[in-house]
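This report concerns only the one structure given below.
Coordinate-derived values only; no laboratory data. What you see is a predicted model, and the numbers here were worked out from it, not measured in a lab. As a convention, Cβ positions derive from the backbone with ideal geometry for all residues, glycine included, and neighbour counts pool all protein chains shown.
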Ligand code: UDP
């Protein structure tokens, strides 16, 4: 049995959607490790919650998501930083644990690593973002080989230390997602509504096809959202809000396909495997995580990045995809059991 302390992302509380896919990763891993009998504590910002898992919440102000900043941005902490408070807590309780696991992308936990006595594993949830974080990560991985985990190879390749990263993938609790063989005539778009996700491309595509687009997720950038509404006043879009997994999978399952149109190199794209688990094919730009997930012509279509014309062409042939194959791919490749095996082996190697 391992004793592990998880330190969550500091850009949002768990369950809020502000943290993006890493929120689901923390939930799933915590659940799977506990099921295996490991002792686990999850530390996260105030207001956080997980299903069936207690969370130690820490007060303080959130970090600004680094993807909204330029590559040259200096390292920045707000007054009464929740990130700093979480790591002060970690310092106090570290001797009760075999391993600390950092899920924040921020500079501070990397910088603090040599000052801790308990080993620290870093799960990196995005591709390269700033010069300062690349530099500190590079220094730490040199000193502590094997301690960095990432989602995908495409994500690792954005860093100068790509070869040092353990590729761990992602997974979902398949029992929470129901296969839906009978979709209605609508498409889905799912995720944080922020410029790096390029929702506008999906909206432009449905503005052409006329097939309604259901949009699920937290509006992280209001100005950006308003701009889309202004630019496409007549597009057939329906904003559905941010939904918890149970309701989300129910609504997602009713859709013909999921459109994934990220402008950045998506580290993984948890939404892709959630869609597949519901039997929903994925139409995505051929870059980053989705390009490693979608099976061309079998569980969806990968198209030329940033090409709305190709998105439209893919939407028009979505009927060719067998929804059963989508569910089967999720079952074969993205079970929590497989993810648990990989993480357990990684954690054990660090102790
Ligand atoms: N999500 C959700 N409800 C919604 C919309 C999104 O729970 O209404 C979750 C979704 O399940 C996924 C996450 O938001 O886990 C988005 O993660 P992804 O890895 O796709 O992208 P990221 O935000 O990490 O860039």
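Shape index of the chain: Rg/Rh, with Rg the Cα radius of gyration and Rh the Kirkwood radius from the inverse mean 1/r over Cα pairs, equals 0.96.
Report the calculated FRET efficiency for residue 316 and residue 68 (r = Cβ-Cβ distance, R0 = 41 Å), to the nearest 0.05.
E(calc), rounded to 0.05, equals 0.75.
If you find the alpha carbon centre of region 80-158 and of region 23-41, how far apart are they in angstrom? Region 80-158 and region 23-41 have Cα centres spaced 19 Å from each other. For the chain, find the longest principal axis of its Cα atoms and tell me its angle to the long axis of helix 21-35, 0 to 90°, nearest 10. The answer is roughly 60 degrees. Model label sites at residue 35 and residue 246, defined 7 Å from Cα along the beta-carbon direction, differ in position by 1.8 nm. Tilt of helix 131-143 relative to the longest C-alpha principal axis of the chain, in degrees (0 to 90, nearest 10)? The helix 131-143 is inclined about 50 degrees to the chain. A Förster distance of 25 Å, applied to the separation of the beta-carbon atoms of residue 1 and residue 338, puts the FRET efficiency at 0.75. Taking other C-beta atoms within 10 Å as the exposure proxy, 318, 237 rank 318, 237 from fewest upward. Each Cα pair under 8 Å and six or more residues apart adds its separation to the average, and for the chain the resulting relative contact order is 16 percent. Can you sort 118, 299, 68 by how many other beta carbons sit within 10 Å, fewest first? Least crowded to most crowded, the residues run 68, 118, 299.
Tell me, what is the FRET efficiency for residue 349 and residue 59 to the nearest 0.05, using R0 = 22 angstrom and their Cβ-Cβ distance as r?
0.05
Between residue 254 and residue 138, the modelled labels are 5.0 nm apart [label points 7 Å from Cα along Cα→Cβ]. If you fit an axis through the alpha-carbon atoms of helix 199-209 and take the longest principal axis of the Cα set of the chain, what angle between them do you get, 0 to 90°, nearest 10? Between the helix axis and the principal axis of the chain, the angle is about 10 degrees. Taking the chain as a Gaussian network of alpha-carbon nodes connected by springs under 10 Å, the highest mean-square fluctuation of the residues 297, 37, 127 belongs to 37. Each label point was placed 7 Å from the Cα along the Cα-to-Cβ direction; for residue 328 and residue 46 their separation is 5.1 nm. Maximal additional length on extending the residue 226-residue 96 stretch stands at 42.0 nm, based on 0.36 nm per residue less the C-alpha distance. Look at 71, 323 and count the other Cβ atoms within 10 Å of each Cβ; fewest to most, that gives 71, 323.
The convex hull of the Cα atoms of region 220-351, projected and averaged over all directions, covers 10.0 nm².
Its residues counted as N, region 1-134 yields a C-alpha radius of gyration over 2.2 N^0.38 Å of 1.00. Sorted largest first, the spans of the alpha carbon positions of region 1-46 along the three principal axes are 32, 15, 11 Å.
Per-residue ellipticity at 222 nm for the chain, helices alone: DSSP H runs ≥ 4 residues times -39500 (n - 2.57), over residue total, nearest 500 deg cm²/dmol?
-10500 deg cm²/dmol
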